[in-house]
Amino acid sequence: MISPVLPTYARAPLHFTHGEGTWLTDENGRRFLDLGSGIAVNALGHAAPELVSALTEQAGKIWHLSNLYEIPQQEALATKLVDESFADTVFFTNSGTESCELAVKMARKYWYEKGHPEKIEILTFEGCFHGRSSAAIAASGAEKMVKGFGPLLEGFVHLPWGDHDALNAAITEKTAAILIEPLQGEGGIRPLPDQCLKGLRDLCDEKGVLLILDEVQCGVGRTGKLFAHEWAGVTPDIMMVAKGIGGGFPLGAVLATEEAASGMTLGTHGSTYGGNPLGCAVGLALLNVVSDPAFLDAVNARAGLLRQKLEGLVAAHPDVFEGVRGTGLMLGIRCKIAPSDVVKAGYEAAVITVPAADNIVRLLPPLNITEEEIAEAINRLDRAATALESA
Ligand SMILES: *Cc1c(COP(=O)(O)O)cnc(C)c1O
């Protein structure tokens, strides 16, 4: 008999009842170190005081307002995002998937309004993940996501990773945009080298193609810059954000230049909940913390420490691990055994990690994880690896 909850997830038998910072407590009072952050969502950890007060203060005033009216919290968050980024304008959504939908619509509408209705194709890359709507799974093209769900949204061209010739050959008069994650998350913490992102920007400028970056997982301080593309010193035309920006409240956004957004005129897009006062109050409180250069410096310091300790862990367990990759606090340990087994052994040692493709176990801890917690996390991962070796 089917479960009351649609059984699309293989859930671990863990029942957490509350969280505080980097810690999650289960129903038996056992405390787990959370290096997953709900997949890069709880950017300031669980029950962050700044976010709890922003949420509860707003909850006592107004939860929801239609976008038919002015929403000062939304204007404040949009202004902050514009001040802190390449963008001139922002549309708020409730998830990364919705941000993907708008990014695709915006790119196509841009070319349509410019008198190029033939420019509809969007180039994407092997291993990418952009969400679960019909458009977002079409963008990925991965068999396990699309099988049985057709017909899908047309116009996506899937390219191999790192194949410059294939990329050049794929750009035609029909190309509207290139859509890419600066650091792939689900695909296995696979980085796009800064040189390649610069090259993509140049290629887009040369060929007249929009550059859409998906920073849903790698954005909002995760890599040690407010947005990951800042490492390469280039900017996109359109950027998708979600996950970390709400710190646990469902919130997403599409950021764009005035030019790229120029097709999105009155009535061309909307959302009932997107930009609601609750989400925007939380998002602003979070961004006020994370955009502080001193906070980002501290993220980089913590990331350096974690990275160094992980290299030691990998060296100590050559039968289990083979390397570390990623940027900032978005790190992957490449495993020689099934990453799901490593994640399970972590549960036994009360440390939470997340598997990804390409034999990767992901570490996406809260951005404010402490040095003591990093040391304890390594102890627990070491215990998990030792248990796997003797199994
Ligand atoms: C999680 C994720 C999405 C989808 O976000 P949802 O909020 O689950 O819809 C899109 N892109 C990337 C890179 C992601 O990691």
Under 17 Å Cα-Cα from Lys344, which lysines qualify once same-chain neighbours fewer than 8 residues away are excluded? Lys336
Take peptides 381-391, 270-280 and line them up by average Cβ neighbours within 10 Å, highest first, as a rough protection proxy. 270-280, 381-391
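For the stretch 30-143, just say rounded, prolate or oblate: build the C-alpha gyration tensor, square-root its eigenvalues into a ≥ b ≥ c, call rounded for a/c under 1.5, and beyond that prolate if a/b exceeds b/c, oblate if not.
Oblate.
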Tell me, how many Å apart are the Cα centres for the stretch 340-391 and for the stretch 109-163? 34
Could you order the peptides 209-222, 322-335 from most to least packed, using the average number of other C-beta atoms within 10 Å per residue? 209-222, 322-335
Reachable lysines, given that their alpha-carbon falls under 19 Å from the alpha-carbon of Lys207 and they are not under 8 places away in the same chain: Lys109, Lys114, Lys119, Lys174, Lys198
Report the paramagnetic label zone for Trp161: residues of the stretch 113-129 whose backbone N is under 13 Å from a point 7 Å from Cα along the Cα-to-Cβ axis. 125-129
With contacts defined as alpha carbon pairs under 8 Å and 6 or more residues apart, what's the relative contact order of the stretch 50-290 in percent? 32
Using the Cα gyration tensor of the stretch 1-63, with a ≥ b ≥ c the square roots of its eigenvalues, what is the shape: rounded (a/c below 1.5), prolate (a/b larger than b/c) or oblate (neither)? oblate
Please compute the Kirkwood hydrodynamic radius over the stretch 50-290, one decimal place, Å, based on all pairs of different Cα atoms. 18.1
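Among DSSP bridges having both ends in the stretch 50-290, what percentage is antiparallel? Round to the nearest 5.
Among the beta bridges of the stretch 50-290, antiparallel pairing accounts for roughly 40 percent.
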Label zone at Glu84 (point 7 Å along Cα-to-Cβ), backbone N below 19 Å, the stretch 96-140: 96, 99
The stretch 118-157: relative contact order in percent, alpha carbon pairs under 8 Å with at least 6 residues between: 45
Eligible lysines near Lys243 by straight Cα distance, threshold 19 Å, same-chain separation 8 or greater: Lys80, Lys225
Hey, how many Å between the Cα centroid of the stretch 19-96 and the Cα centroid of the stretch 283-337? 22
Potential extension, Thr172-Ser340 segment - 0.36 nm per residue separation minus Cα distance: 56.4 nm
Within 11 Å, Cβ to Cβ, of Trp231, how many net charges do the neighbouring residues add up to if Lys/Arg are +1 and Asp/Glu are -1? 0
At 0.36 nm per residue, and after removing the present C-alpha to C-alpha distance, how many nm does the segment from Glu322 to Ser390 gain when stretched out fully? 22.7 nm
accessible surface per residue for the chain, probe 1.4 Å, DNA/RNA/ligands not counted, whole Å² -> 44
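Can you tell me how much longer the chain between His269 and His15 gets when fully stretched, taken as 0.36 nm per residue apart minus their C-alpha distance, in nm with one decimal? Don't skip to the answer; put the middle values down first.
Working: separation 254, 0.36 × 254 = 91.44 nm, distance 3.90 nm.
Length gained between His269 and His15: 87.5 nm.
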Quick one: if the Förster radius is 22 Å, what FRET efficiency do Ala76 and Ser262 give, using the C-beta to C-beta distance and rounding to 0.05? 0.35
Spacing of the two label points (7 Å from each Cα toward its C-beta) at Ala301 and Ala47, in nm: 2.7
Packing-wise, with mean Cβ within 10 Å as the measure, how do 285-296, 185-196 rank, highest first? 185-196, 285-296
Taking the stretch 117-240, the equivalent ellipsoid from its C-alpha gyration tensor has semi-axes in Å, biggest first, of 22, 19, 12
Leaving out ligands, DNA and RNA, and with a 1.4 Å probe, what % of the accessible surface on the stretch 50-290 is carbon or sulfur? 54
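The values are calculated or read from the model by the stated rules, or taken from the named source; none is laboratory data. Predicted model only: the values in this text are computed from it and were never measured. Here the Cβ is made from the backbone with ideal geometry for all residues, glycine too, and neighbour counts use every protein chain on show. We work out accessible area using only protein heavy atoms, side chains counted, and drop any ligands, DNA or RNA first. Shrake-Rupley method; radii C 1.70, N 1.55, O 1.52, S 1.80 Å.
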